[in-house]
Amino acid sequence: MEQAEFENIARRIRLKAETTARSMSASDSEAEDIAQETMLKLWTLRGDINGATHAEKLAFCIAKNMAIDASRRKHTVPIDGARGYADDKLPSPEAAVEDKENMAWLKERLARLPSTEYQILRLRQVEKKSHQEIAEMLGIAPTSVSTLLARARAKIFKDFKERRI
């Protein structure tokens, strides 16, 4: 396409590019910017354009893609923002303090348990040992394991209920 032919259809193509950008939810100023950039791209490609209809179709595609790019840029969150992505996974400061206090309370209650009850509770809850394995390790009957485990849990649960009142 020659320069004179391009200049003759430039207004019509610019209007089409601007209309296309607006139809893709671009603001008036964005649509004007997109139309201007579309015309610059068409000007650089004018040697490969085969007529007015080809230029219009090309302008439509360029404007549409630029409007999509502009829309995507609006909705991105900068990586170097004030808030880190890891912050979403961390508990709030209040929750962190509450968790720390709860753990301290639980450790204190566990320390108050008789050593056998504590040992059995630890083997069962932390190390996931079966009643039979615990009985063999401690040299007691499996029914004694059940009884001592129930006592330890009952003591912790009783203290927990009193704490919540």
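The values are calculated or read from the model by the stated rules, or taken from the named source; none is laboratory data. These numbers were taken from a predicted model, which means no experiment stands behind them. Quick reminder, even Gly has a Cβ in these numbers, built from the backbone with ideal geometry, and neighbours come from all protein chains shown.
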Just one of (1) over 15 Å from ARG11 (Cα atoms); (2) surrounded by 14 or more Cβ atoms within 10 Å (Cβ to Cβ); (3) over 33 Å from the mean Cα position of the chain (by Cα) trips up THR44, so point out which. (2)
Near pairs, Cβ below 8 angstrom, 6+ apart or cross-chain, from the range 1-21 (not charged (D, E, K, R)) to any residue that is not in a helix (DSSP H, G or I): MET1/ILE49; MET1/ASN50; MET1/GLY51; PHE6/ILE49
Quick check on the range 88-103: of everything there that is loosely packed, with under 10 Cβ neighbours inside 10 Å and assigned to a helix (DSSP H, G or I), which residue is modelled with the highest pLDDT? GLU94
Surrounded by 13 or more Cβ atoms within 10 Å (Cβ to Cβ), touching a Gly at 6+ places or on another chain (Cβ under 9 Å) and in a helix (DSSP H, G or I): does that describe GLU5? yes
Output yes when any residue across the range 126-142 is modelled with pLDDT of 90 or more and either in contact with a strand residue (DSSP E or B) (Cβ under 8 Å, 6 or more places away or on another chain) or among the aromatic types (Phe, Trp, Tyr) (or both), and no when none is. no
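Looking at the structure I just gave you, is ALA31 surrounded by 13 or more Cβ atoms within 10 Å (Cβ to Cβ), closer than 30 Å to ALA4 by Cα, more than 22 Å from the chain's Cα centre (by Cα) and modelled with pLDDT under 90?
Spelling it out, ALA31 is indeed surrounded by 13 or more Cβ atoms within 10 Å (Cβ to Cβ), closer than 30 Å to ALA4 by Cα, more than 22 Å from the chain's Cα centre (by Cα) and modelled with pLDDT under 90.
Take PRO78 and decide whether it is modelled with pLDDT under 90 and at negative phi.
Values: modelled with pLDDT under 90: yes; at negative phi: yes.
In short, yes.
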Taking the range 148-165 and keeping only residues that are exposed (fewer than 13 other Cβ atoms within 10 Å of the Cβ) and over 41 Å from the mean Cα position of the chain (by Cα), one is left with ALA150
